[in-house]
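Could you have a look at this structure, given as structure tokens, before my questions?
The values are calculated or read from the model by the stated rules, or taken from the named source; none is laboratory data. All values reported here derive from a predicted model rather than from experimental measurement. Don't worry about glycine lacking a Cβ; one is built from the backbone with ideal geometry, like all the others, and counts go over all protein chains shown.
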Amino acid sequence: MTLYKKVVAIIMMALFLSACSDDVLKDKLGTEDESNVQNIGYKDGDGLDVETVSIGEGESGYITELMQSETFSDPSSPLSKRIIYFEYDSSTVKQEFIPVIEAHANYLTNNPNQTINLVGHSDERGTREYNIALAEQRAQSVYKMLQVLGVMSHQMNVISYGEEKPESLGQTAEDFSLNRRVEVVYQ
Amino acid sequence: MRLFLKGILEVLGLILRLNKVFRDINVMSLFKKTVYLVVFLLSVTSHVVHAELIIDITEGIQSQQKIAIVPFAVHSASAKKETEEISRIISADLSGSGDFSVLAKESMLSSPTKVEQVKYRHWAVAGQDYLVIGSILKEGKAYKIKVSLLDVVKKQMVTEFRLSATTGSIRKAAHYLSDAIYKSIMGIDGVFSSRIAYITTENTSKKQKQYSLFIADYDGHNAVAITKSKEPLMSPAWSPNGQHIAYVSFENKVSEIFVQTLATGDRRSVAKHKGINGSPAWSPDGKKLAITLSKSGNSDIYVLNLANASLKKLTKSWAIDTEASWSPDGGSILFTSSRGQGAQLYIMSAQGRTAAERLTFEGDYNARGSFSKDGKRIVMIQAVKGNYRVAVLDRESGQTTILSHGRGDESPSFSPNGQVVIYARRKAGKEILSLVSIDGLKKQDIKHTSGSVREPVWAPKK
């Protein structure tokens, strides 16, 4: 019952927060653990004892990882935004995501031992290998911006999954826009 | 107007077919009466996965050869099942090709099993062009198969085929016979003995997917998963001798190219650089792989020498360069690049010394091109107004024909005889495989029993 209440409270809170986009809501829904800090990361499958949470029919295999920091879950902080979305067949970072990248750059320059993966994705339109290359270009765009802002290259790692791991499974323009993304994954 | 155009197309198609029939009659006269074929085929012992593909003709049958396949004579009771299976597979192959209309058993006026029993008028009355009769004799473990192809119009035998098979190779033998019959009538090789590779995905739980790389007969039978992973598998590519498959695997969370030997299941990692390791394509001599790497910060095409692992960088643009495919003579490499406006196909020397030449100008997006075996055609994905479709570019005329009608069609691959293209399309929320003739007139879906199927690649002819 307490868990139920907690989940309802979390959903209500998530719905009320203006800065709260899809990804934050999913963060919140992922917070079933006693701790209220978490981070979205890719399922690692390397034997780590991590809790897995299903998101959007569990297609893309996300997990929540527990991190000893509250910075990332505060929805008012740009650091809580860890997904950067792109236009069709474009790897240009849109103006609205520059503050997000600046916030991560700031955090990473202050925490030089912290490393991240920049995971690039595309929507399903077009060919698979072209999409791998396109999604990598997106991750590279974010990489270069972070580098210019002082993040050391050894702190960052670029991975591209192309269209292989969609966030949203449908075929509408909205699904596609959710899938054209770079995820900033703290290690 | 559309109807009128369709009518013209049909008449043109008929003229082409008639031309072909006359040409084939000449070709056929060159055939000697009897061809002896002996194939002792080993049965496939590896585990067979019963997730079968089913061929389903969906549209567009134009003029067809009419053929009757009389149930074969059974000389021993123990061979009844195999005998029935062979006639059934030949019927399915020929009708599935879309080039033949196979007469229903109920419409047959007689059931000859020997040439001397054939009454040609029975088949002429039924409007048939050809007749296939045969018998199977069991000798020890071997099935001795004898099949005759007869021309109903000329009232004579075209060819007789003899082969031997074991229980495990009945299906293979039947496909072999279908190929022989197809070639005798159509003058070109059939695709019935060919194999395909493809990737499937299935949700194993709410959170996990299983990716599998399958090898199967062209009709989806004898499907064997040669690699399985919880992480994406991509871009399978057959070696020219059909003995190895190169593919991309994310099993270590990053992309990596493997080459796997089918007979042994052994595999080795051939590319594991920082960034993208993708799009493997075998050189026609099987000694090199063209691959896409982004280790220098941007996706470029490299040629990897498999013997000494040396790498040669072929493209140096700031743009995306990927999806390499060799010309059949090994001299050129076709690839997708975003160096112009959006994705387009380019061709360059396989030595990489000359500037690349742009090949495609129609459509907003042209990608993943590959050559037909004779080098005369290129099949690719072309997007027009947001619809991604299979298109064939005729190199001589420069003309492009759209072959599919989906919104997100993918991964086209030529059949070994260059007459059919296999590709992946979306149907009812699932990805399925589809076949289309290069004139775009004949279409078939290959249904998979579960999960999604994609990235089909036709094996080269052995």
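Quick grid of which residues meet (1) modelled with pLDDT of 95 or more; (2) among the polar types (S, T, N, Q):
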position	(1), (2)
A:SER73	no, yes
A:SER80	no, yes
A:PHE97	yes, no
A:HIS104	yes, no
A:ASN117	yes, yes
A:ALA139	yes, no
A:LEU146	yes, no
A:LEU149	yes, no
A:PRO166	no, no
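Looking only at residues in the range B:216-259 that are touching a residue at least 60 places away in the same chain (Cβ under 8 Å) and assigned to a strand (DSSP E or B), which one is farthest from the other protein chains (Cβ to nearest Cβ)?
Checking each candidate, the answer is B:VAL224.
From B:SER148, B:SER110, B:SER97, grab the single residue that is among the polar types (S, T, N, Q) and surrounded by fewer than 22 Cβ atoms within 10 Å (Cβ to Cβ).
Values: B:SER148 fails: surrounded by fewer than 22 Cβ atoms within 10 Å (Cβ to Cβ); B:SER97 fails: surrounded by fewer than 22 Cβ atoms within 10 Å (Cβ to Cβ).
Just one listed residue meets the conditions, B:SER110.
Got a sec? Which of B:ALA343, B:ALA391 is within 21 Å of B:ASN417 (Cβ to Cβ), surrounded by 15 or more Cβ atoms within 10 Å (Cβ to Cβ) and within 14 Å of chain A (Cβ to nearest Cβ)?
B:ALA391
May I ask you to list the residues in the range B:361-388 that are within 14 Å of another protein chain (Cβ to nearest Cβ) and of a type in the set (Asp, Glu)?
The one that is within 14 Å of another protein chain (Cβ to nearest Cβ) and of a type in the set (Asp, Glu): B:ASP364.
Tell me the strands (runs of 3 or more DSSP E) entirely within the range B:352-462 that contain at least 2 residues that are without any contact (Cβ under 8 Å) to a residue 60 or more places away in the chain and in contact with a helix residue (DSSP H, G or I) (Cβ under 8 Å, 6 or more places away or on another chain). Even if it seems obvious, please write down each step before you answer.
Values: elements: B:365-371, B:377-384, B:387-394, B:400-402, B:410-414, B:420-427, B:430-437, B:443-448, B:452-458.
Ranges flagged: B:365-371, B:410-414.
The conditions are (1) surrounded by fewer than 23 Cβ atoms within 10 Å (Cβ to Cβ); (2) within 14 Å of chain A (Cβ to nearest Cβ); (3) closer than 24 Å to A:TYR88 by Cα, and B:ARG358 fails exactly one of them. Which is it?
(2)
B:THR264 fails exactly one of the following numbered conditions: (1) surrounded by fewer than 16 Cβ atoms within 10 Å (Cβ to Cβ); (2) in a strand (DSSP E or B). What is the number of that condition?
It is condition (2) that B:THR264 fails.
Related question: Scan the range A:126-152 residue by residue and report those that are within 10 Å of another protein chain (Cβ to nearest Cβ), buried (at least 22 other Cβ atoms within 10 Å of the Cβ) and over 16 Å from the mean Cα position of the chain (by Cα).
Selection gives A:GLY126, A:THR127, A:ARG128, A:GLU129, A:TYR130, A:ASN131, A:ILE132, A:ALA133, A:LEU134, A:GLN137.
Next up: Right, B:PRO456: in contact with a Leu (Cβ under 6 Å, 6 or more places away or on another chain) and buried (at least 22 other Cβ atoms within 10 Å of the Cβ) or not? Before the answer, list the steps.
Numbers: in contact with a Leu (Cβ under 6 Å, 6 or more places away or on another chain): yes; buried (at least 22 other Cβ atoms within 10 Å of the Cβ): yes.
Judged against the criteria, B:PRO456 is a match.
Another question, if that's okay. Which residue is farthest from B:ARG425 (Cα to Cα), if the candidates are limited to the range A:172-187 and must be of a type in the set (A, V, I, L, M) and within 14 Å of chain B (Cβ to nearest Cβ)?
Restricting attention to the range A:172-187, the residues satisfying the condition of being of a type in the set (A, V, I, L, M) are A:173, A:178, A:182, A:184-185.
Then drop every residue that is not within 14 Å of chain B (Cβ to nearest Cβ), which leaves A:173, A:185.
Details: A:ALA173: 18, A:VAL185: 32 Å.
Per the criteria, the residue is A:VAL185.
Right, another one. If you take the residues in the range A:153-171 that are facing chain B (nearest Cβ under 8 Å) and part of a loop (DSSP other than H, G, I, E, B), which one is farthest from B:VAL254 (Cα to Cα)?
Checked the range A:153-171; the qualifying residue farthest from B:VAL254 (Cα to Cα) is A:GLN171.
Separate question: Would you pick out the residues in the range B:188-213 that are within 14 Å of the chain's Cα centre (by Cα) and under 20 Å from B:SER279 (Cα atoms)?
B:ILE196, B:ALA197, B:TYR198
B:THR401 fails exactly one of the following numbered conditions: (1) of a type in the set (Ser, Thr, Tyr); (2) more than 14 Å from every other protein chain (Cβ to nearest Cβ); (3) buried (at least 22 other Cβ atoms within 10 Å of the Cβ). What is the number of that condition?
Failed condition: (3).
Based on this model, can you work out whether A:GLU102 counts as under 26 Å from B:SER279 (Cβ atoms) and more than 11 Å from chain B (Cβ to nearest Cβ)?
On the way: under 26 Å from B:SER279 (Cβ atoms): no; more than 11 Å from chain B (Cβ to nearest Cβ): yes.
So A:GLU102 does not fit the description; no.
Just a yes or no: is a residue in the range B:113-131 of a type in the set (A, V, I, L, M, F, W, C), without any contact (Cβ under 8 Å) to a residue 12 or more places away in the chain and assigned to a loop (DSSP other than H, G, I, E, B)? Break it down stepwise before answering.
Residues of the range B:113-131 of a type in the set (A, V, I, L, M, F, W, C): B:115, B:118, B:123-126, B:131.
Narrowing the set further to residues that are without any contact (Cβ under 8 Å) to a residue 12 or more places away in the chain leaves none.
Checking the range B:113-131: not a single residue is of a type in the set (A, V, I, L, M, F, W, C), without any contact (Cβ under 8 Å) to a residue 12 or more places away in the chain and assigned to a loop (DSSP other than H, G, I, E, B).
Something else about it: Name every residue in the range B:182-192 that is touching a Pro at 6+ places or on another chain (Cβ under 9 Å) and surrounded by 23 or more Cβ atoms within 10 Å (Cβ to Cβ), in order of residue number.
Passing the criteria: only B:VAL191.
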